[in-house]
Amino acid sequence: MCAISCHAVDEKYTFALRKIALIGGMDDYVAVSSRELGETLEMSQQSASKRILELLDLNLIVRDLGARKQRIKLTPAGIEELKKEYNEYRRIFELTDHITIHGTVKDGMGEGGYYICQKGYMTQFEKKLGFQPYEGTLNVSVDKEDVGKLDVIRSTAGIAISGFTDDGRSFGGVIAYKAKIRNIDCAVVVPERSHYVDVIEIICQYHLRRTLSIGTGDRVDVRVNI
């Protein structure tokens, strides 16, 4: 059988995943019989049993066969499929050409300046973003309710900043997304191999803390182009 990554997941499966998630199967195992699931999916008990086996075969759910009722739960792959659908609907109903991230300025580890000032990055930033960044990043802790928006941003192409080797040391590629804070041009930068968690790094030609008169703990809105 072809692995799930070989093709798009059929809509009948994402529909079933959504229904299972709605009865609690995303966060934990949920006890449900084939008959009950059939009622939820508006199909016969036999069809629901078959659908469960198909979801298991695709590694979209896991099952625990209890004494009285089976218990099922979405796998990380199943949750990822729902996220894809969620992001598509957000882009349809909520988004135009940008998305606004709300968060709080936080202290970084002081490493941003070292990486940003590397010539291999600086040259590309100036060429592809239209500015040479100040040697440092503004770190923003994203509000919990906005973390999902980061997946939407990540699903867009962004601007590729190629990795390079300098003096025997390798520097990885970066994806940049043009943005604005209070109408000041900047960019959100993400290492290609990393995944957003809840903190974003922002570069700008200006020292953003001084220019915007902001400090640790202050609120900021970052408007990101998509």
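The values are calculated or read from the model by the stated rules, or taken from the named source; none is laboratory data. Note that the coordinates shown come from a computational prediction; the quantities given were computed from them, not determined experimentally. Positions of Cβ are generated from backbone atoms using ideal geometry, with glycine treated the same way; all protein chains shown enter the neighbour counts.
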Can you tell me which of 144, 178 is in contact (Cβ under 8 Å) with a residue 40 or more places away in the chain and either hydroxyl-bearing (Ser, Thr, Tyr) or in contact with a helix residue (DSSP H, G or I) (Cβ under 9 Å, 6 or more places away or on another chain) (or both)?
178
Which count do you get for residues in region 60-78 that are surrounded by 17 or more Cβ atoms within 10 Å (Cβ to Cβ) and either assigned to a helix (DSSP H, G or I) or in the same structural domain as residue 149 (by TED's automatic domain parsing) (or both)?
1
Taking region 113-130, which residues are of a type outside the set (Val, Ile, Thr) and either more than 16 Å from residue 185 (Cβ to Cβ) or outside the structural domain of residue 165 (by TED's automatic domain parsing) (or both)?
113, 114, 115, 117, 118, 119, 120, 121, 122, 124
Residue 88 - would you say it is outside the structural domain of residue 208 (by TED's automatic domain parsing), loosely packed, with under 15 Cβ neighbours inside 10 Å and not in a loop (DSSP other than H, G, I, E, B)?
yes
Count of residues meeting criterion [on the phi < 0 side of the Ramachandran plot, part of a loop (DSSP other than H, G, I, E, B) and in contact with a helix residue (DSSP H, G or I) (Cβ under 9 Å, 6 or more places away or on another chain)] in region 28-59:
5
What helices (runs of 4 or more DSSP H) completely inside region 116-217 contain at least 3 residues that are within 30 Å of residue 82 (Cβ to Cβ) and aromatic (Phe, Trp, Tyr)?
none
